[in-house]
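Read the structure below first, then the notes.
The values are calculated or read from the model by the stated rules, or taken from the named source; none is laboratory data. What you see is a predicted model; the values in this text were computed from it and never measured. All Cβ positions, glycine included, derive from the backbone under ideal geometry; neighbour counts span all protein chains shown. All accessible areas refer to the heavy atoms of the entire protein, side chains included, with ligands and DNA or RNA removed. Shrake-Rupley method; radii C 1.70, N 1.55, O 1.52, S 1.80 Å.
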Amino acid sequence: MTNPMQLIRAARPHPREKLKGNLMEWFHWLLREAEIYDIRYPVKGAFVWRPYGMKIRRNVEAVIRELHDSTGHQEVLFPVFIPYEFFSKESQHIRGFESEVFWVSKGGEAGERLILRPTSETAMMPMFKLWIQDHRDLPLAVYQIVSVFRAETKMTNPMIRVREISMFKEAHTAHADREDAERQVRLAVDIYKKIFDKMCIPYLISQRPEWDKFAGAVYTIAFDTILPDGRTLQIGTVHYLGTNFSKVFEVTYLRPDGSHEYVHTTSYGISERSIAAMLIIHGDDAGTTIPPALAPIQAVVVPIIYGEERKAVMEAASSVAERLRASGVRVHIDDREDKTPGWKFYYWELKGVPLRIEIGKRDVEQRSVVLARRDTLEKYSVGLDELEDAVKKLLGEIEENLRRSAWDRLRSSVVKAESLEEARKALGEGKIVEVPWSGDNDCGLKIDELLQADALGIPMDAPADVGGGDLRDLACPDKKASY
Ligand SMILES: Nc1ncnc2c1ncn2[C@@H]1O[C@H](COS(=O)(=O)NC(=O)[C@@H](N)CS)[C@@H](O)[C@H]1O
C-alpha cells in the first residue's frame, strides 16, 4: 500500500515577530480580528464574549467540569451578594481585598451593606456551618463557575486582568484535619496540571513567598506560565487556608470521640486568564492555533472551485465532512461563494483552526484530499480511504507539537544562577532565574531588592526548604563577605 499520507509541503511555521513587538497590541488584534472577544464595552475592565469566543470558553469549561466532577466535587451556585459583616470577618482576607470590592449602593434592605463577591470563601463558610455536623459530612468539595468582581487597582487588560472575572472557577473544600486538606491541595494541583496540559500551556509550579500569598491563606501554590515577551502570568492558584476561615465562621464538626474540631479548608481558582494564555502561547503573526481538544472547529473544509466543477467538488466536500462528523471530529465546510480559497485560508488560520482540508477538481478525480496543518503549515495528500485515520493522527500530532514546543520555550526561559552577577545577567536577558534561598523572609525580600525582581516562590518540585548553595546569604550580605 502506498504511504497513506504524502508530504506535499514542508514545514515552515508562520513567524512570531509581531508578538515580540508589542504583545498586548497583537493580542487585542487577535481578539478583534478572530471575533473572539470585544473590548469596546463602555465599562472599565468588563468585556464581551462573542460567539466564537464563547465556543472556545465552553470547551474549556467542559474540561474543567469533567476534571472536577470526576474527582468528588459537586457543582453549586451561590448568590453574588455577600453581606459586608461576613466579608469582613477574616482580617487578612478583608485587608487583602478591601480596596478591591464593588459595593451594592442601592436596592438592598435599609442599612444592609452588600458587596459583590470578589471570591466566595466568606459566602460559603456560613453555609458550610449549616451543612457540616460531624466527620461523616467530610470531606466536602464544591465548585462553581461564575462571575466575580474585583475593582482591580492595577491597569486592567482584556481577558487577563478584568474587573468582572466572568469565567471564575472557584472550588472550596472542608476537611477533618490538615493532612486531609493537604491531600486535597495535591489533588487540586493535579487537576490544574491536567487542565493546562489539555490547553497545551506550560507552567512553573511554586509555593508563593509569605509576602505574596492569597489573603487569608496559610500558603499559596501558584501556576505561572511565561509569555513570548518574557513576562510571567499567574494562571491558577491553590490555597491551603488552615482554620483561618473556619475559626471566624465557627465551622466545626463532631469527632467520633465527642469533641468538636474546626474544619480545615482549601480553595483553588482558575479564570479566563488561562484562555488568554492559551491563545497567546500558540500565537503567531497569522493568528493563533487552538489546541484540538479545545477548538470549536477542529477541521475546516475549503472547497477549491474554479468554474463549472462546483457540483462535484461540493458533493465530495459534504461527504468528507459527514464522514469526519460521524467519527467525532468537529468539522465545518466554508462554502461561501463570495470568498476566494486564499481569503478563506487566511480567515481560518487567524481563528486558529488546527487543520484545513482542501478539496479541488483534481482531488475529486484522484479520490484524495489535501490536509494542511495550522501549526507547522505542512501539507499532505491523503487517499479518501485513509481520511478519518489521517485526520485523527494529525490532530494528535498537532496537540503534541503545540505542547512540546511551548514547554521547550518555557524551559529555555528558566536558568539556575550560582552568583549575584549570573542572576543579574540572566534577568537582563529576560530569563526566569532560580536562586538558592534560605527560606528566611527578610532574605527573600532582600533578594528581590538586590535583583530588582519579584520572586515567584519556591519551585514545587524542590523541597520546601530550598536552602543550599552559597547564595543563601546573598540577601544578608552583612552576615557574609559581599560579592
Ligand atoms: N482580575 C483578574 N482577571 C482575570 N483573572 C484573574 C484576576 N484575578 C485573579 N485571576 C485569576 O484567578 C485565579 C484565582 O484567583 S486568586 O485570587 O488567586 N484565588 C482566589 O480567589 C481563591 N479564592 C481561590 S478560588 C488567579 O490565579 C488568576 O489566574
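Worth a mention:
- Leading residue at positive end of dipole, region 144-210 (Cβ point charges), from His172, Ser147, Val162: Val162
- One equal scatterer on each Cα of region 1-81, no solvent, Debye formula: the resulting log10 I(q)/I(0) at q = 0.14, 0.17 Å⁻¹ is -0.84, -0.97.
- Relative counts (whole %) of C-alpha pair distances in region 192-314, using bins that are 10 Å wide: 11, 27, 21, 17, 12, 6, 4, 2, 0
- The H on the amide N of Met167, modeled in the peptide plane, is under 5 Å from the matching H of Glu272, each at least 5 residues off or on a different chain.
- Two-decimal Rg/Rh across region 123-229, once Rg and the Kirkwood Rh are taken from alpha-carbon atoms: 0.99
- Charge-dipole axis of region 37-112 as Lys and Arg at +1 and Asp and Glu at -1 on Cβ define it, positive-most pick from Phe97, Ile82, Pro42: Pro42
- Percent accessible area from carbon and sulfur atoms, the chain, protein chains only, probe 1.4 Å: 52
- Relative to its Kirkwood radius, the Cα radius of gyration of region 1-146 gives an Rg/Rh of 1.14.
- Placing unit charges on the Cβ atoms only, positive for Lys and Arg and negative for Asp and Glu, gives region 83-165 a dipole magnitude near 240 debye about its Cα centre.
- Surface accessible to a 1.4 Å probe, Trp29 within the full protein complex, Å²: 50
- Neighbour net charge for Ala426 - beta-carbon separation under 13 angstrom, K R +1, D E -1: -1
- Rounded tilt (10° steps) of 178-198 against the dominant C-alpha axis of the chain: 20
- Computed on protein heavy atoms with a 1.4 Å probe, the accessible areas place Glu422, Glu109 in the order Glu109, Glu422, largest first.
- Folded to 0 to 90 degrees: helix 441-451 orientation relative to the chain principal axis, Cα: 50
- Label zone at Tyr84 (point 7 Å along Cα-to-Cβ), backbone N below 20 Å, region 114-152: 114-124, 126, 149-152
- Neighbours of Ala453 by Cβ distance under 11 Å: Lys/Arg scored +1, Asp/Glu scored -1, total -1.
- Accessible area expressed per residue, region 345-395, with surrounding protein chains retained (probe 1.4 Å, Å²): 36
- Dipole magnitude of the chain, debye to nearest 20 (Cβ charges: Lys/Arg +1, Asp/Glu -1, about Cα centre): 1160
- Where region 185-285 is the region considered: accessible area per residue in Å², 1.4 Å probe: 30
- Charge dipole (region 300-412, unit charges on Cβ, about Cα centre) - positive-most of Trp407, Gly342, Leu355: Trp407
- Over the C-alpha trace of region 364-465, radius of gyration and Dmax come out as 23.2, 74 angstrom.
- Normalised by 2.2 N^0.38 Å, where N counts its residues, the alpha-carbon radius of gyration of the chain equals 1.13.
- Note on region 58-99: Kirkwood hydrodynamic radius from all Cα pairs is 13.1 Å, rounded to one decimal.
- Only lysines eight or more places from Lys393 in sequence, or on another chain, were considered; those with a Cα closer than 30 Å are Lys55, Lys193, Lys194, Lys198, Lys311, Lys339, Lys344, Lys351, Lys361, Lys379.
- All other residues whose Cβ lies under 9 angstrom from that of Gly269 are scored, Lys and Arg at +1 and Asp and Glu at -1, for a net of 0.
- A simple rule links phi to the HN-Hα coupling: the Karplus curve 6.51 cos²θ - 1.76 cosθ + 1.60 with θ = phi - 60°, which for region 375-388 gives 7, 9, 6, 4, 10, 10, 9, 10, x, 3, 5, 9, 3, 4 Hz, with x for Gly and Pro.
- Relative contact order (percent, whole number), the chain, Cα cutoff 8 Å, 6+ residue spacing: 16
- Computed from backbone phi with θ = phi - 60° and the Karplus coefficients 6.51, -1.76 and 1.60, the 3J(HN,Hα) list for region 271-281 is 9, 4, 4, 5, 6, 4, 4, 5, 5, 6, 5 Hz; x is used for glycine and proline.
- Spin-label pair Asp442/Trp343, simplified geometry with 7 Å Cα→Cβ offset, distance in nm: 6.9
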